[in-house]
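Shown next, in structure tokens, is the structure this report addresses.
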Amino acid sequence: MKNRIVVVAAAAIFAVAAATLAAPAAEKLKVGFVYLGPVGDFGWTYQHEVGRQGLVKALGDKIDTTYLENVNEGPDSERSIEQLARTGHKLIFTTSFGYMDPTIKVASRFPKVDFEHATGFKRATNVSTYSGRFYEGRYIQGMIAAKMSKTGVLGYIVSFPIPEVISGINATMLGAQTVNPNIKVKIIWVSTWFDPGKEADAAKALADQGADVLMQHTDSPAAMQIAAQRGLLAFGQDSDMIKFGPKTQLTAIVDNWAPYYVQRTKDVLDGTWKSTDTWGGLTSTLVVMAPYTNMPDDVKKMAMDTEAAIKAGTLHPFKCPIVDQDGNTVPCKGDGHLDDGQILSMNFYVKGVDDKIPGK
Amino acid sequence: MLNALGQILGLIFSVNFILTVITASTPLLLAASGELVAERSGVLNLGVEGMMIMGAACGFAGAYLSESTIIGAICGILAGAAMAAIFAFLTLGLAVNQVATGLALTILGTGLSGLIGAGFVGQRIVPAAQLHLPGLTELPVVGRILFGQDAFVYLSFALIVGIWLFLYRTRSGLVLRAVGDNHASAHALGYPVLKIRLLAVLFGGGCAGLAGAFLPLAYTPFFIPGMTAGRGWIALALVVFASWRPGRLVAGAYLFGAVTFLQLSVQGLGLGIPPQLMSSLPYLATIVVLVLISRTRGTAGSAAPASLGVVFVPDR
């Protein structure tokens, strides 16, 4: 009898202890982030980190967040994503294109965890995708660049020939051609997202070859600094880089992830999360333009008018007809413009780009 | 074809091309010089990347707080040497495996530099001043190349000449090479093997730290975690490429810097040469040179230290 009481008491104590231990974990939702670069890169990863901080600010009392930085694309990332899933994270944001297959793989092993993959195109019942329509900002930048360039030559530093990068180059050119049909663009592939030294070298090479407005699809502010040193103009990438070129930056495409992160996390908390594909641009403020600076008022007005037209839906950067590099007209699958599928899988240059897509 | 060749040659022999190559090659040369001395004493320190990034973080912090490039450079050197001291304590003092310790040092350096540099991300400093000699710097073509560089560039050349003189023209240099080639014999002759190796490792760390400091102080004047982007590993490869000889190290560092920048510049010309082919050139060149070296005998061959990477525990 006495023994039985002891056993019951012990079991009760154990149960209470287990409940108290488990309780906080059950109450707070754990949200994980996987980053490509260091959080201080002042570009792509930095903006995702700003988004995470915005999420903590909005829902900090209901969630715990974890992030892993400097996670290489490829096998390394699969391990990192799985680690987050194993340690009780119920919502995981994987923030680079190269995490696509690893995310899908891990998601199939953890059906109760929801995944959000940035800039990819593969989805599953527990994997959503999200991205920004950065090409809208690129179109505006192209127009500004063509107005501001004295040599008629733009310099473009790029990382890898993925559709997002290609569509960025094309949108820039299409915008620039509306101002100056003979505009030229020099393109340098540095084969890395982040190597300040190499990005600076590429900027120097472009400047040496007569480019006087620089833009980039890489992550560090090195090119902006070189442009500042040489007295040229440049655009910031992913985040507002005005600090690195107060007299150099014309504007910047700023990725504004926080509202999306807050919304998706709320959905998980409410139990209404569903696999979706979100592709927001200037209208949904997922993409924001940094203040237009270092340009005359008429150029500024042109930029603002264009931005307003894109927001209103009266202007589409890829409006038909689109003619490719070899002079062939691209089939028009959307309503008067290329459809999202065509933009998301773009692997051709528009007319006027004097370069070859690597590996094509 | 001829026209394309002409354009490429025109590019290579332009002043701006040479100036950029010098900037790109200097951190490689600085880091590799130090590693060469350490390896000549028989110690393989794979932690160059970690020591470099610590040099970058501490160098920038020092320069930002003191507003002086020189103090920044000194902080970088000290940070690199401090990392090397940890390595020396483990591999020389406790006879831990050098390869594993070196790799751990890189991981430690990457993490620690992020922590130290966190508060300095986004801050700006005045880049290192460049030499200006009235009359000389304005000379056409050679003026800016010979008389318009920053102190790091001149230092890198002074360093490599000093290392050559030390290794081949002094008795201490001879002893250091003896320690690297056969530590048992050197020990039997009464030379303090561990002490010599300690000094060589610290020197290597200081050079790596200086190379790292060059990045945020002169190359791209801001600090970002991970900004060395693999340059420490290239420096390690250059030591092998140079077959442990200082003269070849200069050639190797500049060849690598030149081919890397050439491949970026040629793309801008729009000649239609695949960038993938161009970006593999530095590595193809490395393989060709290594094959040539391995086939050559005598003085032209490799000077690989025989005791490289072998742990030494002195018998009492």
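Every number here is computed from the coordinates shown, using simple stated rules; none is lab data. Computed from a predicted model, the values in this text were never measured in an experiment. Please note: Cβ atoms are built from the backbone with ideal geometry, for glycine as well, and neighbour counts cover all protein chains shown.
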What do you get for trypsin sites (Lys or Arg not before Pro) in the range A:127-212 restricted to DSSP loop and a cutoff of at most 11 other Cβ within 10 Å of the site's Cβ? A:K150
Using Cβ contacts closer than 10 Å as the measure, can you line up A:S128, B:S33, A:S345 from fewest to most? A:S345, A:S128, B:S33
Choice from A:Q237, A:Q209, A:Q249 with maximal GNM fluctuation in chain A (Cα, 10 Å cutoff): A:Q209
At a 10 Å Cβ-Cβ cut-off, how would you order A:V34, A:V165, A:V56, fewest neighbours first? A:V56, A:V165, A:V34
Rounded to the nearest 500, what is the 222 nm mean residue ellipticity of chain A from helices alone, with -39500 (n - 2.57) per DSSP H run of 4+ residues and division by all residues? -13500 deg cm²/dmol
Pairs of Cα atoms under 8 Å, at least six residues apart: use those to get the relative contact order of chain A, whole percent. 16 percent
Could you identify which residue out of A:G137, A:G37, A:G210 has the top mean-square fluctuation in a GNM of chain A using Cα springs shorter than 10 Å? A:G210
Relative contact order of chain B, please, whole-number percent, based on alpha carbon pairs below 8 angstrom and at least 6 residues apart. 35 percent
Looking only at GluC sites (Glu not before Pro) in DSSP loops with at most 12 other Cβ atoms within 10 Å, what is the longest site-free stretch of chain B? B:139-316
By the gyration tensor of its Cα atoms, with a ≥ b ≥ c the square roots of the eigenvalues, what is the shape of the protein assembly as shown: rounded for a/c under 1.5, prolate for a/b over b/c, or oblate? oblate
Could you tell me which residue out of B:T106, B:F312, B:L210 lies farthest along the dipole of chain B toward its positive end? Charges go on the beta carbon: Lys and Arg +1, Asp and Glu -1, centred on the Cα centre. B:F312
Under a Cβ-only charge scheme (Lys and Arg +1, Asp and Glu -1), can you give me the dipole magnitude of chain B about the Cα centre, in debye to the nearest 20? 660 debye
Could you give the length gained on full extension between B:L65 and B:V313, defined as 0.36 nm per residue of separation minus the Cα-Cα distance, in nm? 85.0 nm
Listed residues A:G54, A:G132, A:G168, most fluctuating in chain A (Gaussian network, C-alpha, under 10 Å): A:G54
Here the tail fraction of P(r) beyond 20 Å, over all Cα-Cα pairs of the range B:1-106, rounds in percent to 54 percent
Against the longest principal axis of chain B, how steep is helix B:231-241, in degrees 0 to 90 to the nearest 10, with axes from Cα atoms? 70 degrees
Sort B:V201, B:V259, B:V43, A:V323 by Cβ crowding within 10 Å, fewest neighbours at the top. A:V323, B:V259, B:V201, B:V43
